[in-house]
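Visitor: Quick one: the structure is below, and I'll ask about it shortly.
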Amino acid sequence: MYDPSQLRTFLAVAQTLSFTQAARRLGLRQSTVSQHVRRLEDAAGRQLFSRDTHSVELTEDGEAMLGFARRILEVHEQAAAFFTGTRVRGRLRFGASEDFVLTRLPEILEGFRHDHPEVDLELTVELSGTLHEQLASGKLDLVLAKRRPEDPLGELVWHDDLVWIGAERLRLDPARPVPLIVYPPPGITRALALEALERQGRDWRIVCTSGSLNGLLAAAQAGLGVMAHSKGLIPPGLFRVPDRAGLPELGKVDFVLVHGPRRSPAQSAADALAAAILTSGARLRRP
């Protein structure tokens, strides 16, 4: 009833909320992406996206289709691997940024290990900047991390807003420097936060530096200050700082999958894990 190619296109549009970006990710023309979505909507008898010239959003039926599409594609890929006799194997060095410590990434990795038991998966959790450096030096095979939107590196998983977050009871004194909770260099959110404050001409001081997300959250929950964070990954117990606080806009950030610069023996395993993450990428974000 549902064509796997159309389901993959649907997931790409759902994750990027852009027909143009989905076409780029899949290597298709934008007209083909639109055709796949239209045919899937015809098969379902429901509208899956509400779209105009400025935005693309999932409808309620589109949200429901997300879960069905992932499960259908998962079973489809398992059947294809079984009957073609292809087995992914080898050592895969995978790096994920600290942003995903509190998400459902472990569930995705568990599912991958179940489907590919002959892959020896090694996980490194680090700052995005550090992961990109390790990938470039050949120490990792695949990375899931942040990048600046203007950076062409990697395959887009999703595009998000950066926002200021802190404890609900936190109140900022406009006459005093902004108390910042940050990752150490080369943290991308650190750099974007400092750049935004410098552009605004706002004084700031660092009250906590930690390479661990849990360390930053402990400081934020204690009310020590504010931190820049992905809107789609705000941890429980922390809240967006209201606009009346007068903090500058932080702009956008991309979450991407990046393969190593050279093909390696782990390439097939890296491709399989990348496909699993792209298929399930929406599960990483908080509602």
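The values are calculated or read from the model by the stated rules, or taken from the named source; none is laboratory data. Everything numeric here is computed off the predicted structure, so don't read it as measured data. Reconstructed Cβ throughout: ideal geometry from the backbone, glycine too, with neighbour counts over all protein chains shown. These accessible areas exclude ligands, DNA and RNA; they are computed on the full protein's heavy atoms, side chains included. Shrake-Rupley method; radii C 1.70, N 1.55, O 1.52, S 1.80 Å.
Visitor: Report the residue count in the range 148-172 for those that are of a type outside the set (A, V, I, L, M), part of a strand (DSSP E or B) and modelled with pLDDT of 90 or more. Walk me through how you get there before you give the answer.
Guide: Taking the range 148-172 and keeping what is of a type outside the set (A, V, I, L, M), we get 148-152, 154-155, 158-161, 164, 166, 168-169, 171.
Keeping just the survivors that are part of a strand (DSSP E or B) gives 155, 158-161, 164, 166.
If we keep only those that are modelled with pLDDT of 90 or more as well, we get 161, 164, 166.
Of the residues in the range 148-172, 3 are of a type outside the set (A, V, I, L, M), part of a strand (DSSP E or B) and modelled with pLDDT of 90 or more.
Visitor: Kindly list the number of the only condition in (1) exposed (fewer than 14 other Cβ atoms within 10 Å of the Cβ); (2) in contact (Cβ under 8 Å) with a residue 24 or more places away in the chain; (3) within 22 Å of HIS116 (Cα to Cα) that fails for ALA79.
Guide: Answer for ALA79: the failing condition is (2).
Visitor: Could you grab me the full set of residues in the range 227-249 that are under 22 Å from ASP160 (Cβ atoms) and either outside any loop (DSSP other than H, G, I, E, B) or among the small types (Gly, Ala, Ser) (or both)?
Guide: Here is the first cut: in the range 227-249, the ones under 22 Å from ASP160 (Cβ atoms) are 227-243, 245, 247-249.
Once the filter is applied, which keeps residues that are under 22 Å from ASP160 (Cβ atoms) and either outside any loop (DSSP other than H, G, I, E, B) or among the small types (Gly, Ala, Ser) (or both), the range 227-249 yields MET227, ALA228, HIS229, SER230, LYS231, GLY232, LEU233, GLY237, PHE239, ARG240, ASP243, ALA245.
Visitor: Oh, and also: Given the criterion within 24 Å of ASP160 (Cα to Cα) and either at pLDDT below 90 or within 17 Å of the chain's Cα centre (by Cα) (or both), identify the matching residue among THR209, THR279.
Guide: Matching residue, one of THR209, THR279: THR279.
Visitor: Related question: Please pick out the residue among LEU224, LEU216 that is part of a loop (DSSP other than H, G, I, E, B) and either under 28 Å from ARG104 (Cα atoms) or touching a helix residue (DSSP H, G or I) at 6+ places or on another chain (Cβ under 7 Å) (or both). Walk me through how you get there before you give the answer.
Guide: Numbers: LEU216 fails: part of a loop (DSSP other than H, G, I, E, B).
Matching residue, one of LEU224, LEU216: LEU224.
Visitor: Search the range 173-187 for residues being open to solvent by 20 Å² or more (accessible area, probe 1.4 Å) and within 21 Å of the chain's Cα centre (by Cα), and hand back the single one that is modelled with the highest pLDDT.
Guide: Step by step, filter the range 173-187, then rank; the result is PRO184.
Visitor: Pick from ARG190, ARG169, ARG148: which is open to solvent by 30 Å² or more (accessible area, probe 1.4 Å), in contact with a strand residue (DSSP E or B) (Cβ under 6 Å, 6 or more places away or on another chain) and either of a type in the set (D, E, K, R) or on the phi > 0 side of the Ramachandran plot (or both)? First the steps, then the outcome.
Guide: Numbers: ARG169 fails: in contact with a strand residue (DSSP E or B) (Cβ under 6 Å, 6 or more places away or on another chain); ARG148 fails: in contact with a strand residue (DSSP E or B) (Cβ under 6 Å, 6 or more places away or on another chain).
None of the other options fit; the residue is ARG190.
Visitor: Can you name every residue in the range 116-140 that is surrounded by 20 or more Cβ atoms within 10 Å (Cβ to Cβ), assigned to a loop (DSSP other than H, G, I, E, B) and not aliphatic (A, V, I, L, M)?
Guide: Within the range 116-140, just HIS116 meets the criteria.
Visitor: Can you name the number of the only condition in (1) at pLDDT below 90; (2) part of a strand (DSSP E or B); (3) of a type in the set (Val, Ile, Thr) that VAL143 fails?
Guide: So VAL143 meets the others, but not (1).
Visitor: Checking the condition surrounded by 13 or more Cβ atoms within 10 Å (Cβ to Cβ), farther than 30 Å from ARG190 by Cα and either of a type in the set (S, T, N, Q) or touching a residue at least 24 places away in the same chain (Cβ under 8 Å) (or both), which residue from THR103, THR32 passes? Write out each step before concluding.
Guide: Values: THR103 fails: farther than 30 Å from ARG190 by Cα.
It is THR32.
Visitor: Does the range 179-210 hold any residues that are part of a loop (DSSP other than H, G, I, E, B) and within 17 Å of ARG147 (Cα to Cα), and which are they? Full working, then the answer.
Guide: We begin by selecting, within the range 179-210, every residue part of a loop (DSSP other than H, G, I, E, B); these are 183-187, 201-203, 210.
Residues satisfying the conditions are TYR183, PRO184, PRO185, PRO186, GLY187.
Visitor: Restricting to the range 89-118, what's the tally of residues that are farther than 15 Å from ALA275 by Cα and β-branched (Val, Ile, Thr)?
Guide: 2
Visitor: So, one more: Here are some residues: ARG38, ARG113, ARG71. Which one is open to solvent by 90 Å² or more (accessible area, probe 1.4 Å), closer than 30 Å to GLY215 by Cβ and in a helix (DSSP H, G or I)? Full working, then the answer.
Guide: Values: ARG38 fails: closer than 30 Å to GLY215 by Cβ; ARG71 fails: closer than 30 Å to GLY215 by Cβ.
Just a single option satisfies the conditions, and that option is ARG113.
Visitor: Please pick out the residue among ASP141, ASP161 that is under 21 Å from the mean Cα position of the chain (by Cα) and more than 23 Å from TRP204 (Cβ to Cβ). Before you say what the answer is, go through the steps one by one.
Guide: Numbers: ASP161 fails: more than 23 Å from TRP204 (Cβ to Cβ).
Every option except ASP141 fails the conditions.
Visitor: Does PRO261 qualify as being open to solvent by 60 Å² or more (accessible area, probe 1.4 Å) and over 30 Å from ALA64 (Cβ atoms)?
Guide: yes
Visitor: Kindly list the number of the only condition in (1) under 30 Å from GLN15 (Cα atoms); (2) at pLDDT below 95 that fails for ALA193.
Guide: Answer for ALA193: the failing condition is (2).
Visitor: In addition: Considering every residue within the range 251-258, establish whether at least one is open to solvent by 60 Å² or more (accessible area, probe 1.4 Å) and more than 16 Å from ALA145 (Cβ to Cβ).
Guide: Taking the range 251-258 first, the residues open to solvent by 60 Å² or more (accessible area, probe 1.4 Å) are 252.
This time we only want the ones that are more than 16 Å from ALA145 (Cβ to Cβ), so: none.
No, the range 251-258 contains no residue that is open to solvent by 60 Å² or more (accessible area, probe 1.4 Å) and more than 16 Å from ALA145 (Cβ to Cβ).
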